[in-house]
1. Mind checking whether some residue in segment 130-150 is within 18 Å of ALA62 (Cα to Cα) and in contact (Cβ under 8 Å) with a residue 60 or more places away in the chain?
2. Taking HIS38 as the residue in question, decide whether it is outside any helix (DSSP H, G or I), near the ligand (Cβ under 10 Å from one of its atoms) and modelled with pLDDT of 95 or more.
3. Would you pick out the residues in segment 127-169 that are closer than 20 Å to ALA75 by Cα and either among the hydrophobic types (A, V, I, L, M, F, W, C) or within 16 Å of the ligand (Cβ to nearest atom) (or both)?
4. From the list ALA75, ALA97, pick out the single residue that is part of a loop (DSSP other than H, G, I, E, B), touching a residue at least 12 places away in the same chain (Cβ under 8 Å) and out of contact with any Gly (no Cβ under 7 Å at 6 or more places or on another chain).
5. Which pairs turn up if I take residues in segment 157-169 that are touching a residue at least 40 places away in the same chain (Cβ under 8 Å) and look for partners that are small (Gly, Ala, Ser) with beta carbon separation below 7 Å, at least 6 apart in sequence or on another chain?
6. Could you tell me whether segment 106-127 includes any residue that is crowded, with 18+ Cβ neighbours inside 10 Å, closer than 18 Å to ALA48 by Cβ and of a type in the set (Phe, Trp, Tyr)?
Amino acid sequence: MGNIKIIQGDITTAEVDAIVNAANSQMLGGGGVDGAIHRAAGPELLAACKKMPAQNGIRCPAGEARITGAGNLKAKYVIHTVGPRYGVNEPAAQLLASAYQNSLNLAVSHGCRSLAFPAISCGVYGYPHREAAGIAVSVCSRPEYEPLAICFYLFSDDMVAVWKQALES
Ligand code: AR6
């Protein structure tokens, strides 16, 4: 698992091919990491999101992922994925694993060599951190993703500790 790193800091500063956004299904921005990514990328990102096909306002159901350009970010792409709202979207563990897996698959199919993940669903969506870290690390550690340099950008000391524990176990 030498291809997986943990970094404490703001994901919008990541120098990677693709930054993963913990978005909502509408893909029109929001708070948390989604807000930070849209602010840093500028209006081009929102314009790209608006162009994604929508069904009843849904551009990306929970567990799926979509890819756009990255506006002013250093990355080439933003991969927008939607994690489960804990206690609402079920089965939560499967949906969270799918969000990671579909993001990784989009990165691979677009020729990315590196990508950065935030802690999907661990903020407003309320996923228990330890369980989320286990799922994130287990999907990212699959042999098919070994050629990718994967960074987890985490904000707090606590989150870094939880992720490190998952990576080491
Ligand atoms: N860099 C890295 N991590 C961050 C940053 C940042 N700049 N900003 C926040 N985090 P959340 P969710 C952490 O709530 O739970 C949005 O409104 C944050 O501390 O952003 O998947 C969307 O539009 C937390 O650990 O995402 C959706 O409506 C983690 O990122 C909803 O929130 C994820 O927290 C998605 O909720």
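1. No; the residues of segment 130-150 include none that is within 18 Å of ALA62 (Cα to Cα) and in contact (Cβ under 8 Å) with a residue 60 or more places away in the chain.
2. Taking the combined requirement at face value, the residue does not satisfy it.
3. If the condition is that a residue be closer than 20 Å to ALA75 by Cα and either among the hydrophobic types (A, V, I, L, M, F, W, C) or within 16 Å of the ligand (Cβ to nearest atom) (or both), then CYS140, LEU148, ALA149, ILE150, CYS151, PHE152, TYR153, LEU154, PHE155 are the ones that fit.
4. Exactly one of ALA75, ALA97 is part of a loop (DSSP other than H, G, I, E, B), touching a residue at least 12 places away in the same chain (Cβ under 8 Å) and out of contact with any Gly (no Cβ under 7 Å at 6 or more places or on another chain), namely ALA75.
5. MET159/ALA119; TRP163/ALA133
6. no
The values are calculated or read from the model by the stated rules, or taken from the named source; none is laboratory data. Everything numeric here is computed off the predicted structure, so don't read it as measured data. No Cβ is skipped: glycine too gets one built from the backbone with ideal geometry, and neighbour counts run over all protein chains shown.
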